[in-house]
Amino acid sequence: MLILVANLGSTSFKYKLLDMSGDFESANASPDSRVLARGAVDRIGEPISQCEVIVTRSHQGETFREETQMPVPDHGVAVQACLDQLTHPENGCLKEANEVAAIGFKAVHGGRKSGTFVVDDEVLEAMDEMSAAAPAHNPPYIAAMKLLRQRFPELPLVAAFETEFHDTISPERRTYAIPAEWTREMQIQKWGFHGSSHRFIAERAAEVLGRDDAKIISCHLGGSSSLTAIDSGQSIMTSMGMTPQTGVPQNNRVGDFDAFAIPLIMQRTGQSLEEVLQTLASQGGLKGLSGGMADLRDIESAADAGNADAKLALGVYTEEIRRHLGGMMVALGRLDAIVFTGGIGENSDVVRAAVCAGLEGFGIELDASKNDGMRGEGSLHTESSKTQILVLPTDEEWIVAKRSLRALAAQ
């Protein structure tokens, strides 16, 4: 049972092929052993696109890696290129494309369709209803899904929405203080995102801690960042709200922001509402704070060199993480572990140290010697710390593959 997991951008297609045969439910700790291939297609729609594939189990029994260039006008062609790579007579890992049972998508916002569903007209309609809330994510997914349904009508497509893991959050923690009819009729509420990552961390942390009733805070920090409070494997609070624009600052998206500042910005700049929103969505966050740097590695280097804007960007980012962390500690009532994951969480000892600084009074003690240079899975807390501090690499594709299989079985 093979599942091709797709992660789409407006001009990109990243994928991972997983073998989900046998008892996949008991393999949370080692999903990498089930990866047959991974790859990516970049610059879709441009005259020449970059294609990469890494096959871990080729027909010849060897790892195969290839980078090629070719015209890829749309996501349908990207998927076909992927299947061609995977079925290559010598270097592929499949005999035929129909060995793939389904394509699972790490879909973002389905609004009223929060869950995991085989893609049909109703799912596409629900996604379209939320395109205004996720303009950078939903339109490319909808376009790609429509193309793939036409091009591969016999291949099931599954949408695993990022909001699903947060369905367990109570109404008191997901409802905005707005007119009630807006919530009821327009589904304006705190949905939360990064659900696949936080779900994986919930499962992996339970294994590492050796308990199913653990209270943890999952810090998914990367180009897009969010925190989630998890109690006994369930999400009870999350930092993102109605859209992926909210919560802590993102690499180029604003994060939490007072909506009543927008009319003033429009008045002072002469920009339209659409132009202001586009600026907040593409020139805000770390990029806006630092004077143009969106990559945290560049910001850390500039801050070390004395760049005041970079220092401020780093400070705002970590203080916003701490603000949400504090609220989630109150919601949980007890904290067993803080987990860092994502590109920044797994690799930035600077951010991890800043987030945990001065929290000893709450039983959170970071061991600087362990934190310095820590990469991959490990623990960062002192022996006397009441709260464990962990680094756990996430695997969103694994979660999407599992949920896709369940959706197929439920048909």
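Some points to look at:
- Each residue of the range 188-271 gets 92 Å³ once the volume of the Cα convex hull is shared out per residue.
- Highest-first arrangement of 157-169, 345-357, where packing means the average Cβ count within 10 Å: 157-169, 345-357
- Whole-percent pair-distance distribution, where bins are 5 Å wide, for the alpha carbons of the range 130-169: 5, 19, 21, 22, 17, 11, 4, 1
- Between LYS95 and SER379, the FRET efficiency from the beta-carbon distance, with R0 = 60 Å, is close to 0.85.
- Over the range 61-197: Rg over Rh, Cα atoms, Kirkwood Rh: 1.08
- Protein accessible area in the chain, 1.4 Å probe - carbon and sulfur %: 50
- Based on the Kirkwood approach, the hydrodynamic radius assigned to the range 260-385 is 16.7 Å, with every pair of different Cα atoms included.
- Those lysines that a straight Cα-Cα span of less than 22 Å connects to LYS146, excepting residues fewer than 8 apart in one chain: LYS14, LYS16, LYS106, LYS113
- Per residue, the chain exposes an accessible area of 44 Å² to a 1.4 Å probe, with every protein chain left in place.
- 5 angstrom amide H check on GLY247, placed H, neighbours 5+ away: GLY241, ASP256
- Rg/Rh for the range 317-411, where both radii come from Cα atoms and Rh is the Kirkwood radius: 1.08
- Taking ASN138, ASN251, ASN307 as the candidate residues, the one with maximal mean-square fluctuation in a Gaussian network model of the chain, Cα springs under 10 Å, is ASN307.
- Under 16 Å from the MET186 label point (7 Å along Cα→beta-carbon), backbone N, the range 128-152: 129-135
- Karplus-based coupling profile of the range 96-104, in residue order and whole Hz: 9, 5, 6, 6, 6, 6, 5, 9, x, with θ = phi - 60° in 6.51 cos²θ - 1.76 cosθ + 1.60 and x standing for Gly or Pro.
- Using a Förster distance of 30 Å, the FRET efficiency for THR279-ARG65 (Cβ separation, nearest 0.05): 0.15
- Computed extension length for GLN267-ARG112: 52.3 nm, one decimal, from 0.36 nm per residue of separation with the Cα-Cα distance subtracted.
- Shape summary: the chain maps onto an equivalent ellipsoid whose semi-axes, from the alpha-carbon gyration tensor, are 33, 27, 23 Å in decreasing order.
- Highest-fluctuation residue, VAL55, VAL391, VAL248 considered, GNM on the chain with Cα pairs under 10 Å: VAL55
The values are calculated or read from the model by the stated rules, or taken from the named source; none is laboratory data. The model shown is predicted, which means the values in this text are computed figures rather than measured ones. Ideal geometry is used to build each Cβ from the backbone, glycine not excepted, and the neighbour counts take in all protein chains shown. These area figures cover heavy atoms from the full protein model, side chains too; ligands, DNA and RNA do not enter into them. Shrake-Rupley method; radii C 1.70, N 1.55, O 1.52, S 1.80 Å.
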